[in-house]
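The structure under discussion appears below in the form of structure tokens.
The values are calculated or read from the model by the stated rules, or taken from the named source; none is laboratory data. Please read all numbers here as calculations on a predicted model, not as lab measurements. Cβ atoms come from the backbone with ideal geometry, glycine included; neighbour counts cover every protein chain shown. Accessible surface areas use protein heavy atoms only, side chains included; no ligands, DNA or RNA. Shrake-Rupley method; radii C 1.70, N 1.55, O 1.52, S 1.80 Å.
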Amino acid sequence: MDENNHMSIAEREAADDKMVNDAFQRLINSYLASPHRKKVDIINKAFNFARQAHKGVRRLSGEPYIMHPISVALIASEEMGLGSTSICSALLHDVVEDTDYTVEDIETIFGAKIAQIVDGLTKISGGIFGDQASAQAENFKKLLLTMSDDIRVILLKVCDRLHNMRTLSSQPANKQYKIAGETLYIYAPLANRLGLNKIKNELEDLSFKYEHPEEYERIKNRLATTQEQRNILFEKFTQPIREALDKMGMHYHIIARVKSPYSIWSKMQNKHITFKEVYDILAVRIIYTPESKETEIEDCFKIYVAINKLYKSHPDRLRDWVNHPKANGYQALHVTLMSKQGQWIEVQIRSEKMNDIAEQGFAAHWKYKDGEIGEDSELNDWLHTIKEILDDPQPDAMDFLDTIKLNLFASEIFVFTPKGEIRTMPAGCTALDFAFQIHTFLGSHCIGAKVNHKLVPLSHKLQSGDQVEILTSKSQHVDPSWVNFATTAKAKAKIQAILRRDVREVQKAGEATLREFLEAHEMELTTNALNQLCELHDISKPERFFYAIGNKTILLGDKDIDALLERNTGKSKWRLKLPFSSKEKKKEEKTVEAEPTNTHPSLITVTKTFNRKKAFIITDENIPQLIFPKCCRPIPGDDILGFIDNQNHIEIHQRECKVADKLKTSFGNRIIDAKWDTHRHTFFFATIEINGIDRIGLLNEVTGVISSQLNVNIQRLEISSNDGIFSGVMVFKIYDRNDVSRIIKSLKSIRDLKEIKQIK
């Protein structure tokens, strides 16, 4: 028996060794096939070091831990085209975090560059966001700080996340939601911003698969069943194009691009349409080899002219990313053409180089730029933006992540200065943002702007192609209301910094006034005295009290002296210097935060014995003991998750809820899996909006379908008609998601109702 056990262990070790060696050999083969210099020795050295460091450790999937670093390195090599430094860093990226080795050890053995990248990739806990926030926000800040020195840190972090997503099935459901949520909130937009289009699509699809498994499978199946129709359409549409390009003597290939399941689902959700109504599932990509480097752009437009002769183009759907590349380096010409079958089809025209950069992002530049990113690269602007954000980060994790998303993941517009210089700005930015983008002094003293020679207010939203002149006045000062219409990180950060500085100055003046006032009455400013005065004026914090005095909203007088004398316990003076020390300040703030603002004796309270890995079952009995926030109003049948709030009560959110996205990213350890087990005993409310062409009897038909056919109770009904257009909002008492689907399906059968959607 012992011998058999020994044999099975030996066999398992042999199988593990073969798996690891085969995976590493594939990595070496991938590297040797790349155009990079062949530094195989250092890769072997990193592999052997990491293998020894992780020896005996397994992942949740059961495979040896070393398979994860090898897989990350393989993604870096095969899918991003990175070289030996990146591959070694990927192999070593978990050594410092998971073993006794330090960054200094890595530097001694492998050199400063690899050590620096490994340090950037090593996860950290705690930090400036405190215990309340997920370490993910702090990890992200550390990542961005390091990335400012070496872009490979961020590229490898994306590789690491991609492999974690590919192996997410071994994690419990609550971890799946947390990791998938972080991926959609941070990593997919980050991959997109770096131009890693292929990886962005895979990250989105994998997140979608774990957050909404049934929807994911449904769309995959629909794509499979409609594949043959798309193939026929593709062949018929591209045949004339091939003939035209062959006549021109172009070297090219044409491929079909099918919209990803996540993109299809997002469009269905945002536009409230069915799968059948998503018209742009198929796109056509023409990838050509230019005659020479000089004719690359010219050849692109030659192809555009040729296909325009074959099909009519959509006038509003031409996108020239060739002459104006996106900030992530993306170049292509997009045109939407009407096929002979009566369908609009988008055609993307790219050179081979443009295609490589579109798929691999900045990593592809190494194929064309001798392994270096030059000073002229758009990447440097991006890194500069990151540094600006990090110069004055918000103290709250969610604000920080929002600021990052707001600026780094926004689409761009092109704006001109009065001298004709072009500036790239985020879409939706205002004249005020533009002023701060040019210079802080210009922003803080601006009074208005001229856009295309017309006077506009600071809140005016800029459009691509606008020429903007900022008007200033020395007497102008930053106004607190500016925060409401500033959109860029730089403008918001500078406005808030100036306002904070102004507040501090008013507080100092207020504190000085208070000291003088007390000294005039032979008293000293102490903690006890200050607390009593704050209580008298119903102000919670000393800083606010100082500000009110400095701002002249509180005028000190006899009642303040009387209050202090009444409570004086016999000591003529309290002696304690102000302002408080940082320790006292933290202690006081903690005490205030710990006081519950609201208590719910009937709500479920999560205790230490609560199993967070197990799904929480929602029943008709415990529904009243749960919190259903207004942000998404989940109902039975929705894909949901639970969140343990600050009072240890359970909130239920839809998995795609925007608030839940932030919670998954910043408070991931408080996410729990939740499942419905209700039996149509509890009513929920659902709101449906309808729009259509008004006619006599339409309202009668709508209420007839709802009340008579479906036997559903209409709780509230609001109807309006304007210029022949009918719109209404109906609130129903329903039991579950199936009821909502039945209502929408029945309403779609009514003639002249054009839009039916649920409002969440």
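In nanometres, what is the gap between the two model label sites at Lys613 and Glu519, each 7 Å from Cα along Cα-to-Cβ? Spacing of the two 7 Å Cα→Cβ label points: 6.4 nm.
Computed about its Cα centre, the charge dipole of segment 661-737 is approximately 400 debye, with only Lys, Arg, Asp and Glu carrying charge at their Cβ. Pairs Lys200/Lys326; Lys200/Lys760; Lys200/Lys293; Lys267/Lys675: which exceed 22 Å Cα-Cα? Long pairs (Cα-Cα over 22 Å): Lys200/Lys760; Lys200/Lys293; Lys267/Lys675. Net charge dipole, segment 281-320: roughly 300 debye, given to the nearest 20, about the Cα centre with Cβ charges of +1 for Lys and Arg and -1 for Asp and Glu. Taking 0.36 nm per residue of sequence separation and removing the Cα-Cα distance, the Asn648/Ala497 pair yields an extension gain of 50.9 nm.
Each other residue within a Cβ distance under 13 Å of Leu556 adds +1 if Lys or Arg and -1 if Asp or Glu, for a net charge of -3. Rounded to the nearest whole Hz, the Karplus-based 3J(HN,Hα) values (6.51 cos²θ - 1.76 cosθ + 1.60, θ = phi - 60°) of segment 505-516 follow the sequence 5, 5, 4, 4, 5, x, 5, 5, 4, 5, 4, 4, with x at glycine and proline.
Placing +1 on the Cβ of every Lys and Arg and -1 on the Cβ of every Asp and Glu, with nothing else charged, gives segment 423-478 a dipole about its Cα centre of roughly 80 debye. Across Arg680, Arg544, Arg515, the residue with the most accessible area heads the list, and the full order at a 1.4 Å probe is Arg544, Arg680, Arg515. Grab the beta carbon distance between Gln341 and Val729, set R0 = 51 Å, and tell me the FRET efficiency rounded to 0.05. So, using R0 = 51 Å, E works out to roughly 0.85. Legend: distances between Cα atoms for Lys271/Lys658; Lys541/Lys662; Lys220/Lys353; Lys55/Lys613; pairs beyond 23 Å are Lys541/Lys662; Lys220/Lys353; Lys55/Lys613.
Under a 5 Å amide H cut-off, with hydrogens placed 1.01 Å from N, Arg655 pairs with Asp639, Ile640, Leu641 among residues at least 5 apart or on other chains. Modelled spin-label separation between Asp280 and Ser720, with each label point placed 7 Å from Cα along the Cα-to-Cβ direction: 3.1 nm. Along the axis of the charge dipole computed for segment 637-713 (Cβ charges of +1 for Lys and Arg, -1 for Asp and Glu, origin at the Cα centre), the listed residues Asn700, Val712, Ile644 are led at the positive end by Ile644. With the simple spin-label model, which puts each label point 7 Å out from Cα in the Cβ direction, the Ser473 to Lys271 separation comes to 4.7 nm. The slack between Lys293 and Thr225, meaning 0.36 nm per residue of separation minus the straight C-alpha distance, is 20.3 nm. Extension gain for Val483 to Ile42 (0.36 nm times residue separation, less C-alpha to C-alpha distance): 153.6 nm. The distance separating the Cα centre of segment 175-200 from that of segment 702-728 comes to 41 Å. Within the accessible area of segment 230-289, the carbon and sulfur atoms contribute 52%, probe 1.4 Å, all protein chains present.
Apply 1/(1 + (r/R0)^6) to the Cβ-Cβ distance of Arg257 and Asp320, taking R0 = 22 Å, and write down the FRET efficiency to the nearest 0.05.
0.70
Solvent-accessible surface of segment 157-275, taken per residue with a 1.4 Å probe and all protein chains present: 44 Å².
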